[in-house]
1. Taking residue 143, is it within 30 Å of residue 43 (Cβ to Cβ) and either outside any helix (DSSP H, G or I) or modelled with pLDDT of 90 or more (or both)?
2. Can you name the condition, by its number, that residue 102 falls short on among (1) assigned by TED's automatic domain parsing to the domain that holds residue 133; (2) exposed (fewer than 10 other Cβ atoms within 10 Å of the Cβ)?
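The values are calculated or read from the model by the stated rules, or taken from the named source; none is laboratory data. None of the values given here were measured: they were computed from a predicted structure. Cβ placement follows ideal geometry from the backbone for every residue including glycine, while neighbour counts extend to all protein chains displayed.
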């Protein structure tokens, strides 16, 4: 978009009009090093065999193979290659389309005594293979966990 040979507008002016920093125009991207390219090739090979491995497990396999490498580097390279571990994620935030939405009945209501209002919450705890659900029921007045 910036024309070096423009007769009237300098590069500075063109960058200002486009709301670009001049350093963006002059920036010359640096590619990955040969060591990183070799590592990316190895990560790709491993990912084809084990598509459910994330950056931690990938790091462990590479370390077992004798390479000293950190998880953040693996994570960055996997992100650059567009690789993401395939595993079943919990579907906790997707309501059913036919599920009715109920109104909030406690708005502007004073809670003055125990057992007047209870609340419940559900969450999941990641485990080695999948996850477990945890349910808690609490009294709003005393903040005591009942169940």
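1. No: the conditions fail for residue 143.
2. Condition (1) is where residue 102 drops out.
For (1) in the same structural domain as residue 32 (by TED's automatic domain parsing); (2) loosely packed, with under 10 Cβ neighbours inside 10 Å; (3) not in a strand (DSSP E or B), each residue gets a yes or a no:
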| site | (1), (2), (3) |
| --- | --- |
| 59 | yes, no, yes |
| 69 | yes, no, yes |
| 90 | no, no, yes |
| 119 | no, no, no |
